[in-house]
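Single-structure report; data block below.
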Amino acid sequence: MKWVMNLTHIRIFEKLVLLAAVLCLAACLAGAIASEEEMENAITADDSWNTLMEGNARFVSGEVASKDFPERRTELVSGQSPFVTVVTCSDSRVPPELIFDQGLGDIFVIRVAGNVMDPVVLGSVEYGAEHLHTPLLVILGHQSCGAVKAATEGGAEGNIESIMTEIEPAVEIARETNKTGSDLVEEAIDENVELVIKNILDRSPITKEMVEEGKLAILGAKYSLETGEVAVLAEVDSTNVAKMMTEEEEKVATSGSEEIPATMIPEDIIPEGTEPKSAIPEDIIPEGSEPESAIPKDIIPEEETSDAPIGDSLNE
Ligand SMILES: [Zn+2]
């Protein structure tokens with residue numbers, strides 16, 4: 001009898017454990033769904049841009065917000081939830097965190113001379129948009145960009161040539177205006193920003209889909225070295241993405257320039273005997289594949305999948 005009693009107790013215990021497990025799983029799933037919705041709804045592209053512009057106004061006036069770096073640093077140990085992805089030039093005069101007066105953990109920054117796109121840069125764009133859920137992607141060119149100026153002059157050497165190759169189609173479009181000198185450079189800087197946006201949409205099905213679904217907006221902008229102000233050049237969202245693509249394609253076609261996809265870096269810039277092709281993954285974005293597969297999971301630190309809602313940085 002004692003043995004039977006024990007067995008009964010064990011069975012009751014097992015049922016309780018099972019019930020607890022089911023309840024826990026249900027609670028976890030509900031929490032996950034809630035936090036996902038929270039993440040997607042926490043901040044819009046407009047909110048994101050307004051925050052940047054408010055910061056830029058503070059930067060221009062010289063009255064920047066005070067920042068408690070040690071405290072913020074501690075808060076961010078468990079994960080990041082930046083509210084915007086910014087692609088800009090490596091130029092030392094254009095640091096996004098300073099010109100938009102933002103702090104640690106606010107901006108997912110990608111910097112490369114001439115703010116051009118290649119598969120590696122594009123991978124970072126996808127990481128910011130798809131994995132970190134930033135609702136806005138800003139492509140920020142700047143006045144007197146040396147990379148664009150070099151592309152108007154030609155004759156670059158070494159690996160800089162690959163940057164020129166990306167910018168040249170924009171220069172060709174700019175030449176259609178018959179502008180010369182610094183006017184041509186400024187025109188090419190503007191065209192380069194717009195062409196970079198088109199290239200992102202052309203080369204990244206993941207990003208394009210996010211824009212079409214209204215999960216991401218892309219904004220082209222230009223920073224003035226003189227005034228410190230940022231002006232909008234182009235806005236792309238679900239309402240005008242198709243129109244923008246068509247217009248840019250027409251511009252490229254009429255300028256006579258031939259766009260060279262980043263996946264086809266000219267062989268003549270690759271010194272013989274080296275094996276650089278392997279460094280350019282041609283299949284980084286398999287067409288029609290699930291977005292997840294394009295982002296290697298092992299580059300995503302576990303803590304970054306935290307449930308911290310986007311906009312934490314805004315709610316301070
Ligand atoms: Zn530059």
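Karplus-derived 3J(HN,Hα) values for region 144-153, using 6.51 cos²θ - 1.76 cosθ + 1.60 with θ = phi - 60°, are 6, 5, x, 5, 5, 4, 4, 5, 6, 8 Hz; glycine and proline are entered as x. Among 105-117, 176-188, the peptide with the highest mean count of other Cβ atoms within 10 Å heads the list, and the full ranking is 105-117, 176-188.
Could you list, in their original order, any pairs among K179/K243; K198/K243; K149/K243; K215/K243 whose Cα atoms are separated by more than 20 Å? Violating the 20 Å limit, Cα to Cα: K179/K243; K149/K243.
Highest mean packing comes first when the peptides 119-131, 150-162 are listed by Cβ atoms within 10 Å, giving 119-131, 150-162. The distance separating the Cα centre of region 186-246 from that of region 110-175 comes to 12 Å.
For R58 and A253, a Förster radius of 30 Å and the Cβ-Cβ distance give a FRET efficiency of 0.10, rounded to the nearest 0.05.
Charge tally around E229: other residues with Cβ under 14 Å, Lys/Arg +1 each, Asp/Glu -1 each, net 0. Sorting the segments 86-93, 236-243 by their residues' average number of neighbouring beta-carbon atoms within 10 angstrom, most packed first, yields 86-93, 236-243.
Every number here is computed from the coordinates shown, using simple stated rules; none is lab data. Only a predicted model underlies this, so the values are computations on that prediction, with no experimental measurement involved. Counting neighbours? That spans all protein chains shown, and the Cβs are built from the backbone with ideal geometry, glycine included.
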